[in-house]
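Take a look at the structure set out below.
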Amino acid sequence: MFIAQPFIFGLVFFGVGVYIFIYGFTRLRKKRLIENIPTSTIRGMAMGLVELCGKAKKIALLKSPFTQTSCVLFKYTVEEYKRRGKNSQWVTIASGDSFLSPFWLEDSTGKVKVFPLGAELACPRDYEFETGWLKPLPENLAGFLETKGIRYQDWAFPRTLRFREWLICDDEEVYVLGSAQKAELKDGEYKEKLFGRLEKLKSSPVDMAKFDLNKDGEVSIEEWDMAVAKIEQELLEEVVRGHALEEHSDVIVGRGEEEKVFIISDYSQKILTRRLLFEFIGCVCGGVIFALMGLFCMLIGLSVI
C-alpha cells in the first residue's frame with residue numbers, strides 16, 4: 001500500500017540531505033585550495049588563482065548602513081522571526097552589500113585592486129541587534145527601515161527583527177583567494193570616454209578654434225579627424241602613464257571565469273581553514289542524517305516498514 005504524505009516528506013528530506021552532503025565537499029575543496037596554494041606577494045603574483053595577504057586600503061571610503069562605520073567593504077541583513085504553526089525561523093526580509101565598490105589590497109611589495117563582486121565574505125559579525133519588548137529600536141535602525149520602506153510594526157505589535165552587519169575596515173589585515181586577471185579598457189568604456197571628450201570639445205569655441213588650421217571660421221572634416229586622432233592619442237598616453245605609475249595597475253583580483261572560488265576574509269589562514277573543516281564535517285554528518293531520515297520516511301510511504 002502506497003502512503004503519499006510520508007513518501008513526499010521523505011523525498012524532500014532525502015533531497016535536502018544529498019544537497020547538504022555535496023555542499024560539504026565544496027567546503028572541503030576550498031579548505032584544500034587554501035592549504036595547497038602558496039601565499040604570493042602582490043609584486044610576484046602570476047595570473048590565475050592567487051592567495052594574497054595584506055592591508056585593505058580605501059579607494060572610496062564607505063559608511064556601513066547600520067552603525068555608519070567607515071569601511072572599504074560591508075554586508076548586511078535584516079531578518080524577521082516568523083512563526084508558522086509549531087515551526088519558527090528567521091527569514092531574511094532585506095539584505096545588501098558594497099560588493100560593486102573595489103578597494104586596494106596592499107603589502108610590502110605593492111598594491112592591487114580587488115573587485116569584491118561574487119566573493120564569499122568570511123568574517124565575524126561586527127554588529128548585531130535584535131528587537132524585543134524591552135529593546136526600543138535605535139534611531140539609526142528606524143531611519144534605515146524607513147528608507148527601505150519596511151514597517152517596524154504589524155498593527156499595534158512590533159515585529160521581531162534582527163539586524164546584522166559585517167565589515168572590512170580601512171587598514172585592516174585581509175586574506176584574499178581569487179583570480180588575478182588583466183583589467184583591460186573595455187570597448188564600451190573607451191567609446192564613452194572618447195565621446196565625452198569630443199562633446200566637451202564641441203561645446204568649447206576656444207578649443208575648437210585650435211583645430212581650425214586655415215582660420216576660415218569652420219572646422220572641416222579633415223581638421224575634425226585630426227582632433228579625434230589627437231584625443232585618441234591622449235587617451236592612450238593616459239593608460240600608459242597609469243600603468244607606469246602603479247605596480248599591477250592593469251591587474252585586478254576578482255572572481256575568475258574558469259575558477260569561481262573567491263574568498264575575502266579578515267580571519268587568519270589558520271582560523272579560516274579550521275572553520276571550513278568544521279563546516280565540512282557538519283555538512284557531511286547533517287546530510288547523512290537528513291538522507292537517512294528521508295529514506296526511512298519513503299520506506300514507510302511504500303509500506304516496506
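Structure summary
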| item | result |
| --- | --- |
| Answer from Glu106, Glu146, Glu199, Glu128 - the residue that is more than 24 Å from Ile59 (Cβ to Cβ) and either assigned to a strand (DSSP E or B) or of a type in the set (Phe, Trp, Tyr) (or both) | Glu128 |
| Search result, residues across the stretch 259-275 that are assigned to a helix (DSSP H, G or I) and more than 12 Å from Leu177 (Cα to Cα) | Lys270, Ile271, Thr273, Arg274, Arg275 |
| Selection within the stretch 29-74 - crowded, with 17+ Cβ neighbours inside 10 Å and either in contact with a Cys (Cβ under 9 Å, 6 or more places away or on another chain) or in a loop (DSSP other than H, G, I, E, B) (or both) | Ile42, Met45, Ala56, Leu62, Ser64, Pro65, Phe66, Thr67, Cys71, Val72, Leu73 |
| Tally, over the stretch 75-110, of residues that are surrounded by 12 or more Cβ atoms within 10 Å (Cβ to Cβ) and basic (Lys, Arg) | 2 |
| Leading residue by the ranking (surrounded by the most Cβ atoms within 10 Å (Cβ to Cβ)) among those in the stretch 115-137 that are under 30 Å from Glu258 (Cα atoms) and not aliphatic (A, V, I, L, M) | Pro116 |
| Residue check, Ala180 at pLDDT 75 or above, within 20 Å of Phe103 (Cα to Cα), of a type in the set (Gly, Ala, Ser) and outside any loop (DSSP other than H, G, I, E, B) | yes |
| Among residues of the stretch 138-175, those that are loosely packed, with under 15 Cβ neighbours inside 10 Å and either in contact with an Asp or Glu (Cβ under 6 Å, 6 or more places away or on another chain) or under 18 Å from Cys71 (Cα atoms) (or both), counted | 3 |
| Exclusive hit being without any contact (Cβ under 8 Å) to a residue 24 or more places away in the chain and assigned by TED's automatic domain parsing to the domain that holds Glu120, set Ser40, Ser64 | Ser40 |
| Options Lys135, Lys193; residue that is over 30 Å from Lys30 (Cα atoms) and touching a residue at least 12 places away in the same chain (Cβ under 8 Å) | Lys193 |
| Residue that is farthest from the chain's Cα centre (by Cα) [pool: residues in the stretch 265-282 that are of a type in the set (A, V, I, L, M, F, W, C) and closer than 22 Å to Lys75 by Cβ] | Phe278 |
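The values are calculated or read from the model by the stated rules, or taken from the named source; none is laboratory data. Keep in mind that this is a model prediction, so the values were computed, not measured. Backbone-built Cβ (ideal geometry, glycine too); neighbour counts: all protein chains shown.
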